[in-house]
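The values are calculated or read from the model by the stated rules, or taken from the named source; none is laboratory data. Owing to the predicted nature of the structure, the values given are computational and were not obtained by experimental measurement. Glycine gets a Cβ as well: all are built from the backbone with ideal geometry, and neighbour counts include every protein chain shown.
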Amino acid sequence: MAKQKAPDRRLVELVDAVYADPLDLAVRQAYGDALLEAGDPRGEFMTLQLGARNPKRERALLAKHGKTWLGAIEPIVETKCRVFRNGFLARTREVPMKNPPRLVRDRDRAKLRALPEWRTVEELEVGNQDISTVDFLASPKPALRGVWKVSLSQIRWLQERYAVLPWTTLGLEGLLFDDFTRTWRTDLEAITEVLPDLCVLDASLVHPVEKLALGKRLDRLRVKCSPTGVPATLVDSLSGLAAEIEFVREYRFDAPDVVRIAGDHVTVEYTNHTPNPAYATGIIWRLAPQSIRSIEIRAPEGAQLDGPNWERLDDALGRRHAIMR
């Protein structure tokens, strides 16, 4: 049997340098050049992603070699959700413990979570809401800025066990139920204490949550609500929390409706051909119609955008000429 070829020492040193400082693109370029000289297809892929963009060729290379390029963490990464940037894994979703594609024991998962491949990840959706995930999230990941599917209890654990983290985007999972106090929480200042650089927050809010408080003003706040509507007190409490606010009306089977408020402009996005503007009307009434200058309606081609309900939306805005359909 032929001996397996030992890895090139220079390549090993360069990839270690990438993991040591994943934000340094010059190091990645040097690694890509070395791979290219060695005839490794990843060298071509990195060259394309670092400047000479060719999306079609990038997709072809990733489809063929992407699973290998994930490295040793591949068993706990959902390959369909992978995104590579500048030659390395940048966005992914961790496979939940309850539904792994193959048997991964807790001990093995802990070892896989400790590998350096995670250091280039910029956006991560976690698969579990347990204490071990808190330690995993807080372990050194210099590039990590966005995390999704985090529970309120995990935020509390992060606050107690770690000082601050540099994330700028957070996707809050669950119904804001605090396992510590066994109560529904509306004061989320703990989030901005542990994440002082937070700019974007995605949160799922349903009854009985009727208001929300943060410790700072965000760039964007995205609120997922039930189809029954948004409590008036919730709209009132959110109005000053972010420069842009999205209310997402979620359905069980259909794509959601979205009401996006940015300054004095409102955008309403519908996904079906018989949209009902009552949801948007309720939000606009709570936001003081006189502060809104224009509203843009986006709907599928052929959607019905007239009738009594639409007249109520016109009345809520008070300026029919400002509605763009």
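Here are a few things to note about the model shown:
- Flag for PRO22 being closer than 28 Å to PRO140 by Cβ, of a type outside the set (Asp, Glu) and at pLDDT below 95: no
- Of the candidates ARG53, ARG85, the single residue that is modelled with pLDDT under 95 and either touching an Asp or Glu at 6+ places or on another chain (Cβ under 9 Å) or among the basic types (Lys, Arg) (or both) is ARG53.
- Wholly enclosed helices (runs of 4 or more DSSP H) of segment 11-70 bearing at least 1 residues out of contact with any His (no Cβ under 7 Å at 6 or more places or on another chain), of a type in the set (Val, Ile, Thr) and surrounded by 13 or more Cβ atoms within 10 Å (Cβ to Cβ): 25-37, 41-49
- Members of segment 141-154 that are touching a Lys or Arg at 6+ places or on another chain (Cβ under 7 Å) and in a loop (DSSP other than H, G, I, E, B): LYS141, PRO142, ALA143
A quick yes/no check of all residues on (1) farther than 14 Å from ARG249 by Cβ; (2) exposed (fewer than 14 other Cβ atoms within 10 Å of the Cβ); (3) modelled with pLDDT of 70 or more:
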| position | (1), (2), (3) |
| --- | --- |
| TYR270 | no, no, yes |
| ILE292 | yes, no, yes |
| PRO300 | yes, yes, yes |
| ARG312 | yes, no, no |
| ASP315 | yes, yes, no |
| HIS321 | yes, yes, no |
